[in-house]
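Below is one structure, written out as structure tokens; the observations come after it.
All of the numbers you see were taken from the coordinates with simple rules; none came from a lab. In this text, all values refer to a predicted model and were calculated from it rather than measured experimentally. Backbone-built Cβ (ideal geometry, glycine too); neighbour counts: all protein chains shown.
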Amino acid sequence: MKEFGVLSILLLGMACVSITDGKDVLKTYKNSLQQFHESRLISEEHHQVLREIQHMQYSGELKDALLCDLCVIGADALILEWRLDMSLDAIELEAIGVCTLLGIETGEVCRGVIERNIDIFDYIIRANPDLKGERICSVILQNDGCDKTVFEWTVDIPEGETVPRKNLSNPETSFNILHISDVHYNPLYKEGKLKDCDEPLCCQYDQPDGDPDAGTACGYWSEYEKADTSEALTDETIRKAAEFEFDYVYFTGDAVAHRVWETSIENNSESMKSLFRKMKRAFKNIPIYPALGNHEPSPLNEYSIGEDLDPKISSKWLYRLITTEFSQWLPKEAKRTLMRGGFYSVSPREGLRIVVVNSNVAYIMNWWLIHDDVDPFGQLAWLAQTLKEAEDANEVVHILSHIPSGKADLLQVWSREYHRIIDRFSGTIGAQFNGHTHHDQFMVYYSSKNTSEVTSIAINGASVMPDRSNPSFKILNVDEASFDLLDTDEWTFNLTEANQNGNQTPNWYKLYSFREEYGVSSLSPPVFSEFMPKLAANHSLLYNYHILRYRNSDLAIDGGCDDSCKSNYLCEIAVSKVGDTTQCEELQKIFDRS
């Protein structure tokens with residue numbers, strides 16, 4: 001579904017391209033757009049051409065430069081529809097019709113997603129009279145080499161050198177934190193429904209039944225693919241997690257299901273409130289610190305940037321909901337910044353500061369970046385100042401955010417500036433915690449001055465939602481003095497086995513201890529400076545990383561992981577700044593020599 005939003009920009013033109021060389025494609029593209037604009041007809045020939053173009057893209061035959069040019073022409077045509085004062089209803093119906101005719105999604109999904117995004121596009125295009133397709137495509141096709149518009153800005157970072165890291169204390173003086181992420185709570189999940197349906201999300205109460213004898217019916221708990229977290233799985237995960245002793249809960253986003261064609265302020269609010277209240281009841285008075293995910297807003301991914309917006313396109317309702325639900329653990333200043341842009345800071349104990357960043361504002365599927373990309377809400381400037389205040393107060397900071405900073409779906413300039421801030425204050429940062437990918441991962445940050453020195457570690461909370469993996473949560477063990485991570489334990493169960501046993505309590509087990517599995521003394525940056533070259537040289541350990549990444553799921557074991565797969569994981573771990581593969585390439589050289 002991530003690419004679905006690009007439909008609004010590209011489809012009308014891409015449906016009409018003739019497959020020849022690049023120049024002919026662009027010429028035919030422009031002509032066919034004009035023909036479509038006059039006739040509003042899409043022929044079967046055009047359908048076939050689109051399929052060929054899609055095949056070219058998936059097979060790698062559609063070169064980035066051509067894709068970028070096609071996007072720009074299509075985006076300019078879309079903007080022209082608005083400039084010619086075509087009614088919003090007409091544009092919406094046109095887009096729904098094209099989406100349905102081309103079989104991009106079912107009619108219901110096409111209608112739902114387009115209806116939920118059209119008002120945002122309307123605002124952005126009308127509020128930016130000089131908007132060109134080049135800017136739109138340079139955002140959404142950033143990772144396809146489309147750089148016709150260069151996004152360039154910097155954040156003022158307080159001068160100075162990072163402070164020395166605090167020394168670890170006696171490991172016996174530690175405390176635990178529960179890390180839970182990407183629940184994608186779906187109370188509409190229903191056992192017995194078809195698990196390979198036509199929609200992006202299956203196992204829904206209003207979808208066709210599956211056949212248990214043929215293996216096409218959704219299981220009791222969830223499914224490995226195209227299914228979210230059932231109410232039963234949500235309740236069971238929270239119940240199991242509550243058995244452990246921990247002082248805080250880090251929730252790194254995505255409470256809401258993938259039923260993206262039916263999101264609304266009302267539906268999303270009800271889903272979030274239900275999940276959060278389940279957690280609060282089970283964990284009693286233990287503070288919960290949430291980071292927002294890209295699925296929380298309606299529509300999906302869209303965090304509004306601007307003031308005095310129409311409530312139906314503003315994200316203020318979401319900030320208000322989170323502020324209300326967690327108000328008992330948030331001081332006044334945290335509530336103020338949370339209402340401003342979904343970020344906040346809190347100190348739950350002496351010497352520790354938790355800083356929560358809303359990285360979703362820099363997600364390239366957030367259309368609002370087309371409107372304004374420069375440090376949305378002044379959040380990064382706030383982060384730098386907050387870390388400076390923590391440094392001056394001799395505090396250690398844990399940073400929570402949903403999308404990891406090295407994920408290629410973040411705007412490159414935002415990722416770069418975030419990395420600069422981490423580099424400056426690395427001695428103040430104990431660890432970082434992310435979600436979004438649904439994988440058990442970790443990511444390392446390297447010093448800008450010494451490219452072999454690891455300066456910070458980010459731990460991914462994996463996910464409760466299966467997504468080719470087994471459901472899981474983590475228990476973080478934190479040093480009392482330095483607030484560095486000593487260890488992480490991940491707990492999971494086999495989904496196939498659990499579904500076979502129906503509503504019986506699943507057989508939870510500890511998947512692994514990070515320290516034991518990887519043979520490290522702690523998860524502090526100095527330890528990782530020595531560990532990363534060793535990991536790159538150990539092919540069998542990288543295979544274990546693959547298995548753990550998917551929490552020992554049946555699909556991961558069956559799929560295997562060859563040398564190319566293992567080598568790519570080194571880049572997954574070592575790229576913390578979008579577009580900078582320097583360290584991962586060095587690690588891959590070690591891998592190739594081993």
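In terms of the Cα gyration tensor, with a ≥ b ≥ c the square roots of its eigenvalues, is region 287-433 rounded because a/c is under 1.5, prolate because a/b exceeds b/c, or oblate? Here region 287-433 falls in the oblate category. Note on region 383-477: dipole from Cβ charges, positive end direction compared against 447, 390, 400; the farthest Cα belongs to 447.
Derived value for the chain: Kirkwood hydrodynamic radius 25.1 Å. Basis is the mean of 1/r over every pair of different alpha-carbon atoms. Each Lys or Arg adds one and each Asp or Glu takes one away; over the other residues whose Cβ falls under 15 Å from the Cβ of residue 337, this sums to +4. Ignoring lysines fewer than eight residues from residue 449 along the same chain, the ones with Cα atoms less than 23 angstrom from its Cα are 166, 388, 407, 534, 577, 589.
Annotation: the antiparallel percentage among DSSP beta bridges lying fully within the chain is about 60.
The dipole here belongs to the chain: it is taken about the Cα centre, uses +1 on the Cβ of Lys and Arg and -1 on the Cβ of Asp and Glu, and is about 1180 debye.
Here's the picture: charge each Lys and Arg Cβ at +1 and each Asp and Glu Cβ at -1 in the chain, and of 79, 539, 176 the one pushed furthest to the positive end of that dipole is 176. Summary value for the chain: 13 percent relative contact order, contacts being C-alpha pairs under 8 angstrom separated by 6+ residues. Between the C-alpha center of region 151-230 and that of region 442-504 there is a gap of 12 Å. Around the Cα centre of region 374-522, unit charges on the Cβ atoms of Lys, Arg, Asp and Glu (plus for the first two, minus for the last two) sum to a dipole of about 400 debye. Let me check I've understood the local charge: for residue 286, count other residues with C-beta under 12 angstrom from its C-beta, Lys and Arg +1, Asp and Glu -1. What total comes out? Net charge in that neighbourhood comes out at +1. Only helices enter this figure: runs of n ≥ 4 DSSP H residues, each worth -39500 (n - 2.57), summed and divided by the residues of the chain, yield -13000 deg cm²/dmol at 222 nm to the nearest 500. A simple spin-label model places the labels of residue 554 and residue 173 4.9 nm from each other, with each point 7 Å out along Cα-to-Cβ. Test of understanding: given the chain, find the longest segment containing no GluC sites (Glu not before Pro) that are in a DSSP loop and have at most 15 other Cβ atoms within 10 Å. Here the longest segment lacking exposed loop sites spans 454-594. Cross-link pairs exceeding 24 Å between alpha carbons, from the set 240/284; 193/316; 193/312; 226/335: 193/316; 193/312; 226/335. Scalar couplings 3J(HN,Hα) for region 339-348, obtained by applying the Karplus form with A = 6.51, B = -1.76, C = 1.60 to θ = phi - 60°, are 5, 6, x, x, 10, 6, 9, 8, 10, x Hz; x denotes Gly and Pro.
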